[in-house]
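Below is one structure, written out as structure tokens; comments come after it.
Read-outs: derived from the displayed coordinates by stated rules, not from any lab. If you're wondering where the values come from, they're calculated on a predicted model, not measured in any experiment. When we count neighbours, we look across all protein chains shown, and the Cβ atoms used for this are built from the backbone with ideal geometry, even at glycine.
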Amino acid sequence: MFSSIKIAAFFFFVGIILLPVPAEAQCSKTWDASGVWEIRQGKGGKRVIRLDLKQSGSGLSGKASRDGMTGDVVGDTGGDDFSIAITWEGFDEMNVYRAQVSATGKLSGETYIGPEKRSRDTWYSDQPLTCGWSPGKSRGNLTGRPSANDTAKPGQGVGSRLAAPVLVATQAYFPSPYNVVGQAILQWDAGSAYPNAEVWVKYGGSRERVLFVKQSKGGQQIEVVRGQVYTYALMDGRTVLATAVVVGQ
């Protein structure tokens, strides 16, 4: 169940800046954005975000996942406007995705972070919306690949939560080939057995670890300099519980 605060924040950040609705919408009914489908972000669509959405009227809610992370989704698909906001687990800021729906249901638009519209980028989806939403129905899985909510087969992992202690990092992302500084997201959980665990990092060819954060569980967006290699370690004292490597390329 999504909190009223998240929904209110979504309409504050997104609703007041929606693209103008044409006098005659492309779809005479409500666009259907339900089901499991994917967003492809950036040049070449290299960053893939998987959505699992439920729809009620024009309102959207559900889950997003990528690179071992999950997030909550709220959104709206009124007229020919499509907008969602993803709040990744461990982070407070909303990642906004908005677009104008084409006559064929195709989506291609802009994304940014927070009300200041930081880290602007482009996105699109290969799975178009469907003209004509029906209450109580879902379009199902449009990707051709198992959903995190599907019944698991032997040897097949489900979901994105890993057993603690764990430390995971997304691949470094650079908005363009000309950007020297990019971003990645780090998440960790030492578990209840290691309440005093800390995250350390080595980078720039150094053999010495530098304290990153004194926190046994959390998530943080990190800056990545192109060409650098960052080795993060979740540690309890001198014991390494888990590691993750981020390469600036």
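Could you tell me how many cubic angstrom of Cα convex hull volume the stretch 166-247 has per residue?
Expressed per residue, the convex hull around the Cα atoms of the stretch 166-247 is 74 Å³.
Straight distance only, please: which lysines reach the Cα of Lys43 with their own Cα at less than 18 Å, same-chain residues fewer than 8 apart left out?
Lys106
Select from Tyr173, Ala242, Tyr203 the residue farthest towards the positive end of the dipole of the stretch 166-247; place +1 on Cβ of Lys and Arg, -1 on Cβ of Asp and Glu, and compute about the Cα centre.
With unit charges placed on the Cβ atoms, the residue in question is Tyr203.
Provide Rg and Dmax in Å for the stretch 33-95, with only Cα atoms included in the calculation.
Expressed in Å, the Cα Rg and Dmax of the stretch 33-95 come to 11.7, 33.
What order do you get for Ile113, Ile86, Ile185 when you list them from fewest to most C-beta neighbours inside 10 Å?
If I rank by nearby Cβ atoms, fewest first, I get Ile113, Ile185, Ile86.
Run the quick spin-label model on Ala193 and Lys214: label points 7 Å from Cα toward the beta carbon, then report their separation in nm to one decimal.
Each label point is offset 7 Å from its Cα along the Cβ direction, giving 2.5 nm.
Based on other C-beta atoms within 10 Å, arrange Thr104, Thr77, Thr70 from fewest to most.
So the residues, fewest neighbours to most, are Thr104, Thr70, Thr77.
Given R₀ = 25 Å, FRET efficiency for Asp92-Arg120 by Cβ-Cβ distance, to 0.05?
Approximately 0.80, to the nearest 0.05.
Give, as a single signed number, the net charge of other residues whose beta carbon lies under 15 Å from the beta carbon of Leu234, with Lys and Arg counted +1 and Asp and Glu -1.
Counting the neighbours of Leu234, the net charge comes to +2.
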